[in-house]
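Have a look at the structure below before the remarks.
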Amino acid sequence: MVPVAGTRLYHRSVNYELFMGEALAEAQLALDDGEPPCAAVAVVDEAMVARARDRVRETGDPTAHAVVAAVREAARRLGRDRLADVTIFTTLEPCAMCVGALLQADIETLVFAAPDPDNGAAGGAIQLAQSAQLPRRLRVVSGIRRDEVEELRRRAAARGAPARARAS
């Protein structure tokens, strides 16, 4: 394993750049649809099993976050609710609801590009992902393709679109 600056250790065998690129492509679609450029993909053994983007505005559902949608789709496609072999790649540090979903699904690894100091629950605003008070913890890798995600967020702000869903 090789360390990534400012993050936890990560596995060399997983193509972090490739899968974060898939999340970035989905985030661009979200931005094109007037949503925040937040997206996630679920990966098992180098195979993408789910992809999702924020759809809060489109659906009127405040829980329609990309991470939750990716977890739901991965569980559906894999036919099980325990997803320990799934890695979630997301463009923005997930909120408390999303980290809770990852923990409840037994997901082992979370990879995110950009921190969210306002709402992030993997160390940005609060630390749920690795809380000693909880029975499960996530392995967290951050900073993968961060500059590209931050550029997407700047473009969202320039268009008047939200860079992140309200209070998520």
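The values are calculated or read from the model by the stated rules, or taken from the named source; none is laboratory data. Please read these numbers as outputs of a predicted model, since none were measured by experiment. Cβ sites come from the backbone with ideal geometry, for glycine too, and all protein chains shown count toward neighbours. We work out accessible area using only protein heavy atoms, side chains counted, and drop any ligands, DNA or RNA first. Shrake-Rupley method; radii C 1.70, N 1.55, O 1.52, S 1.80 Å.
In this structure, is Gln133 farther than 30 Å from Ala157 by Cα and open to solvent by 30 Å² or more (accessible area, probe 1.4 Å)? So Gln133 passes the test.
Scanning region 92-106 for residues that are part of a helix (DSSP H, G or I) and either open to solvent by 40 Å² or more (accessible area, probe 1.4 Å) or in contact with a strand residue (DSSP E or B) (Cβ under 7 Å, 6 or more places away or on another chain) (or both) returns Ala96, Met97, Val99, Leu102, Gln104.
Residues in region 107-147 that are part of a loop (DSSP other than H, G, I, E, B), without any contact (Cβ under 8 Å) to a residue 12 or more places away in the chain and within 21 Å of Pro37 (Cβ to Cβ): Pro117, Ala125.
Screening Val41 on (1) of a type outside the set (Asp, Glu); (2) open to solvent by 10 Å² or more (accessible area, probe 1.4 Å); (3) in contact with a strand residue (DSSP E or B) (Cβ under 9 Å, 6 or more places away or on another chain) shows it passes everything except condition (2). With respect to the conditions (1) touching a strand residue (DSSP E or B) at 6+ places or on another chain (Cβ under 6 Å); (2) open to solvent by 10 Å² or more (accessible area, probe 1.4 Å); (3) part of a loop (DSSP other than H, G, I, E, B); (4) of a type outside the set (Val, Ile, Thr), Ala69 falls short on a single one, namely (3).
Would you mind finding the one in Arg82, Arg53 that is of a type in the set (D, E, K, R) and more than 16 Å from Phe19 (Cα to Cα)?
Numbers: Arg53 fails: more than 16 Å from Phe19 (Cα to Cα).
On inspection, the qualifying residue turns out to be Arg82.
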